[in-house]
Amino acid sequence: MAFTSHGMVLGWYFCVVALLVTAVKGNDTPRGPRFSRTPPPSVSFSNSSGATIDCAAEGDPLPTVRWITEIGDQVRSDVSHLVHDRYDGSLVFVPFRSEDFRRDVHDTTYRCKASNSVGTIISPPVKVKAALSKSNYEMRFESDKHVIRGNAALLQCPVP
Ligand SMILES: *[C@@H]1O[C@H](CO)[C@@H](O)[C@H](O)[C@H]1NC(C)=O
């Protein structure tokens, strides 16, 4: 009965493999995403510095972290020179010239979104506001005022 004993050995072998697979899978029960770094409720920054807003999530499988806009869309790729998702889950605002200010990019709300095969979670809104830096005040004294030597003079500095 060589055939039967061979079959039994094979059967035993498959049983051991099945047990091993179960043991390995038992260590890695899928877990839904959970934020390990939640973004702050608001972020202000200057056009000259730009900003990086962190967001990270854990779970099994490791969640994918993306940012969405107020209306729930992904951050658009045609504005990636102004704002984009980074590989590590951060949202990056690139320094920009004053003429590149866009309300729908620089003065709006974003949310961080983490997904894996178990589910998706979305952060509270992050209110973002970029201000144009005012480092280049043009200071100009009104020099056409005549003052008697030794007296105090009022100099006016109009700031644009
Ligand atoms: C930011 O805006 C100011 C003017 O408001 C400008 O002078 C400055 O160059 C801008 N920064 C950058 C990085 O372009």
Could you say whether any residue in the range 49-70 is farther than 21 Å from Gly119 by Cα, in contact (Cβ under 8 Å) with a residue 12 or more places away in the chain, out of contact with any strand residue (DSSP E or B) (no Cβ under 6 Å at 6 or more places or on another chain) and within 16 Å of the ligand (Cβ to nearest atom)?
yes
Hits in the range 136-160 (condition: in contact with a Pro (Cβ under 9 Å, 6 or more places away or on another chain) and either modelled with pLDDT of 60 or more or acidic (Asp, Glu) (or both))
Glu138, Glu142
Among the β-branched types (Val, Ile, Thr), within 16 Å of the ligand (Cβ to nearest atom), open to solvent by less than 50 Å² (accessible area, probe 1.4 Å) and free of Cβ contacts under 8 Å to residues at least 40 places away in the same chain: is that true of Val105 in this structure?
yes
So which strands (runs of 3 or more DSSP E) are wholly in the range 1-60 and hold at least 2 residues that are hydrophobic (A, V, I, L, M, F, W, C) and at pLDDT 95 or above?
42-46, 51-53, 56-60
Scan Ser77, Ser98, Ser133 and give me the residue that is of a type outside the set (Lys, Arg), open to solvent by 60 Å² or more (accessible area, probe 1.4 Å), over 11 Å from the mean Cα position of the chain (by Cα) and at pLDDT below 95.
Ser77
Do you know which of the residues in the range 36-48 that are in contact (Cβ under 8 Å) with a residue 60 or more places away in the chain and open to solvent by 40 Å² or more (accessible area, probe 1.4 Å) is nearest to the ligand (Cβ to nearest atom)?
Ser48
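The values are calculated or read from the model by the stated rules, or taken from the named source; none is laboratory data. Note that the structure is a prediction, hence the values are computed from the model and not measured. Cβ: placed from backbone, ideal geometry, glycine included. Neighbour counts: every protein chain shown. Note: accessible area is taken over every heavy atom of the protein model, side chains too, but ligands, DNA and RNA are not part of it. Shrake-Rupley method; radii C 1.70, N 1.55, O 1.52, S 1.80 Å.
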